[in-house]
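Take a look at the structure set out below.
What follows is calculated from the coordinates using simple rules that are stated; it is not laboratory data. Remember, it's a predicted structure, so these values are computed and weren't measured experimentally. Here Cβ is always computed from backbone atoms with ideal geometry, including for glycine, and neighbour counts include all displayed protein chains.
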Amino acid sequence: MSIAVVPGSFDPVTYGHLDIIVRATKAFDFVIVAVLNNRAKNPMFTVEERMKFLQETTASYSNVQVDSFDGLLVDYMKQKNANVIVKGLRAISDFEYELQMAAINRKLAPTIETFFMMTNHQFSFLSSSIVKEVARYNPDEVSDLVPPNVLKELKERFNVKKP
Ligand code: PNS
């Protein structure tokens, strides 16, 4: 059985992430969406909130599980018996960082493969950081970039009141 892990900060999940997760459900038997518990990076949403957004938006996929992890990704994958890391590539600018990550992960765990999917072109500019930046001033502008549960929470966080 092929178990793929889609790792990330997901702070918060966007339609770009969901596109990769859904495509991974068709390519692999089981997909674990693994949320990095990255307290040091000072995320906007807690790991529980980020997991809840993901659980709500992937609930209709029976072969998806949402989980969190600390420490090295490859150690988490060994615990889960997972053999494939799935990442989305948006642009050439992602390539260098992802090449480095794939190389160190292969050194640490040679039996774990990293698979890349080209992000759907409509999401090539999209990141969680961009979403937060825009939503701070005008959450409605991100309504086509994040699922409704995330949009609702962004609106509450930024407490936007229209004049
Ligand atoms: O969404 P992000 O923040 O780009 O995701 C990055 C992530 C979580 C995939 C990456 O930082 C990661 O795998 N972190 C866990 C620590 C690790 O295993 N690092 C690679 C070897 S140094």
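Could you please tell me which pairs satisfy a Cβ distance under 7 Å, a separation of 6+ or placement on different chains, a first residue in the stretch 17-32 that is under 18 Å from residue 80 (Cα atoms), and a second residue that is among the charged types (D, E, K, R)?
32/67; 32/80
Evaluate the following for residue 37: is it polar (S, T, N, Q), touching a residue at least 40 places away in the same chain (Cβ under 8 Å) and farther than 22 Å from residue 135 by Cβ?
In short, no.
Of the residues in the stretch 95-110, how many are in a helix (DSSP H, G or I) and more than 10 Å from the ligand (Cβ to nearest atom)? Write out each step before concluding.
Kept after step one, since they are in a helix (DSSP H, G or I), are these residues of the stretch 95-110: 95-108.
The next check asks that each one be more than 10 Å from the ligand (Cβ to nearest atom); those that pass are 95-96, 99, 106.
The number of residues fulfilling the criteria is 4.
Before we move on, is residue 134 surrounded by 13 or more Cβ atoms within 10 Å (Cβ to Cβ), out of contact with any strand residue (DSSP E or B) (no Cβ under 7 Å at 6 or more places or on another chain) and more than 21 Å from residue 13 (Cα to Cα)? Talk me through it step by step, then tell me what you get.
On the way: surrounded by 13 or more Cβ atoms within 10 Å (Cβ to Cβ): yes; out of contact with any strand residue (DSSP E or B) (no Cβ under 7 Å at 6 or more places or on another chain): yes; more than 21 Å from residue 13 (Cα to Cα): no.
Taking the combined requirement at face value, the residue does not satisfy it.
Please state which of the following conditions residue 120 fails to meet, knowing it meets all the rest: (1) free of Cβ contacts under 8 Å to residues at least 24 places away in the same chain; (2) out of contact with any strand residue (DSSP E or B) (no Cβ under 8 Å at 6 or more places or on another chain).
(1)
Residue-wise test of (1) of a type in the set (S, T, N, Q); (2) buried (at least 17 other Cβ atoms within 10 Å of the Cβ).
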| position | (1), (2) |
| --- | --- |
| 12 | no, yes |
| 25 | yes, yes |
| 31 | no, yes |
| 38 | yes, no |
| 47 | no, yes |
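Name every residue in the stretch 49-64 that is surrounded by 12 or more Cβ atoms within 10 Å (Cβ to Cβ) and farther than 20 Å from residue 148 by Cα, in order of residue number.
Matches in the stretch 49-64: 63 only.
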